[in-house]
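S.K.: Please read through the structure below; I'll follow up with questions.
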Amino acid sequence: MMHEEILHEYLHFWEHHDAEGAYRFLKKHFYLPALRFCMHWVSDEEDAKELVYDVLMRVWQKGDHLKKIKNLKVYIFVAVRNAALNFLQQQKKMHTISWDDVDIRLAPLEPDPAQLLISSEMISRIQDAIDKLPPKCKMVFKLIREEGFRNKDVAEILHISVNTIDNHLALAMRKISEAIHLYTQENAESPIHKSTTRKKPDKNAES
């Protein structure tokens, strides 16, 4: 479902005075993604759940006053980020928080028809390259790959420029490309690969 369609469907509940349906819609579409995002900042799951529920409740309480926003998911993620940082500040942890402390877990690469042609070892190499990305670079890659945000959406969520997002994404793709190139080079030079690709002798030539 497109971002515009999601917002339109959410506002549709309010047009029909269905407040309960609007809240169920918010929870169904945004609770789990928002919780995953929040837990990058707030490691305690119960605290993260409370923050996300509070954000969704505040969004819900705005009713149909969200007509002017363009992307409900971006709006919610920005609110979750701010809530998480405020929570850390209240816990007097802000001075110790850096991107190196943010716990970023990427979901395992799920095979699609194209990836079925790639060996499990290559997928492992790609995943390893992603895991070794700098924290903020990894966060950018995650939000774009897993959550489907556009570059400018991620810039708004993380409060950084679109150019910075582009640079992080370029770095991620370069590291992944390097991992793939190294794997294919090693595979091409391996004795097993050479033996399987060696030309078979012509039987007619032997007789």
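S.K.: Condition first: surrounded by 15 or more Cβ atoms within 10 Å (Cβ to Cβ) and under 15 Å from residue 11 (Cα atoms). Now tell me which residues in region 43-65 satisfy that.
M.R.: Once the filter is applied, which keeps residues that are surrounded by 15 or more Cβ atoms within 10 Å (Cβ to Cβ) and under 15 Å from residue 11 (Cα atoms), region 43-65 yields 56, 59, 60.
S.K.: Keeping to region 157-166, report how many residues are under 23 Å from residue 85 (Cβ atoms) and either outside the structural domain of residue 144 (by TED's automatic domain parsing) or surrounded by 13 or more Cβ atoms within 10 Å (Cβ to Cβ) (or both).
M.R.: Number satisfying all stated conditions: 6.
S.K.: Sticking with this one: Select from region 97-145 the residues that are under 15 Å from residue 40 (Cα atoms), at pLDDT below 65 and not charged (D, E, K, R) and list them in ascending order.
M.R.: Listed by number, the residues that qualify are 97, 98, 99, 102, 104, 106, 107.
S.K.: Between a residue in region 153-173 that is touching a residue at least 12 places away in the same chain (Cβ under 8 Å) and any residue that is assigned to a helix (DSSP H, G or I) and exposed (fewer than 15 other Cβ atoms within 10 Å of the Cβ), which pairs come within a Cβ distance under 9 Å, given they are 6 or more apart or on different chains?
M.R.: Listed by first residue and then by second, the contacts come to 154/162; 165/152.
S.K.: Shifting gears a bit: For residue 37, all conditions in the list (1) within 17 Å of the chain's Cα centre (by Cα); (2) modelled with pLDDT of 95 or more hold save one; what is the number of the exception?
M.R.: Looking at each condition in turn, residue 37 falls short on (2).
S.K.: Let me ask something else. Restricted to region 147-167, and to residues that are within 13 Å of the chain's Cα centre (by Cα), assigned to a helix (DSSP H, G or I) and of a type outside the set (A, V, I, L, M), which residue is farthest from residue 132 (Cα to Cα)?
M.R.: The selected residue is 153.
The values are calculated or read from the model by the stated rules, or taken from the named source; none is laboratory data. Just so you know, these numbers come straight off a predicted model, no measurement behind them. Note that we place each Cβ from the backbone using ideal geometry, even for glycine, and neighbour counts take in every protein chain shown.
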